[in-house]
1. Is there a residue being part of a helix (DSSP H, G or I) and at pLDDT 75 or above anywhere in the range 71-84?
2. Give all pairs with beta carbons closer than 8 Å in which a residue from the range 35-62 that is on the phi < 0 side of the Ramachandran plot and assigned to a loop (DSSP other than H, G, I, E, B) meets a residue that is at pLDDT below 90 and aliphatic (A, V, I, L, M); count only pairs at least 6 apart in sequence or on separate chains.
3. Pairs under 7 Å by beta carbon, first residue among the aliphatic types (A, V, I, L, M) in the range 81-97, partner part of a helix (DSSP H, G or I), six or more apart or different chains?
4. Look at the range 85-117 and say how many of its residues are part of a helix (DSSP H, G or I) and at pLDDT below 70.
Amino acid sequence: MREKEALFIMPYERITDTSKPGGRPKLGGGEDRSEILRFRTTIAERAQIESAARACGLSKSEYIRQLALGHKPRASAAQDHAATVSELNKLVLEAGRVGNNVNQLARSVHRDSAFQEWWREIAQEVKSLNGKLTAALERVLRE
């Protein structure tokens, strides 16, 4: 028990090993970004810049730097695919509904019910869903 208490009483030693510097590596060949550029904006302009930078996954500085140097910052890949992901989510829900219909068909078969009309409707839904899923996945793969 005394050993455990001694561990807590021992003075804290600071680690001062600086052999591995942290942070971003220095740019070489006169490319150090040592100059600071400041400018004024309105509150609305600042909000718009921050929003656009966030949508591109960039810092405000990097976003403005790219614009000033003639580049066109793009929205991040996640933002580009947001509409496709939303569409795929809708298709997954539709697939769930089709699965529910298949379960209903299986129950009706077990009860000796007439199910040929249901089967045609479900087959059409499955074909339609398959076409939608294929088209959405092809769009994702092209991007």
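1. If we filter the range 71-84 for residues that are part of a helix (DSSP H, G or I), which is where we start, we get 77-80, 82-84.
Within this subset, residues satisfying the condition of being at pLDDT 75 or above are none.
Taking every residue of the range 71-84 in turn, none turns out to be part of a helix (DSSP H, G or I) and at pLDDT 75 or above.
2. These pairs meet every condition: S59/A53.
3. These pairs meet every condition: L88/A136; L91/L129; L91/K132; L91/L133; L91/A136; A95/L129.
4. Quick first cut of the range 85-117, residues part of a helix (DSSP H, G or I) only: 85-110, 116-117.
Next cut, at pLDDT below 70 only: 116.
Total meeting the criteria: 1.
The values are calculated or read from the model by the stated rules, or taken from the named source; none is laboratory data. Being a predicted model, the structure only gives us computed values, none of them experimental. With ideal geometry, Cβ positions are generated from the backbone for all residues, glycine too; neighbour counts draw on all protein chains shown.
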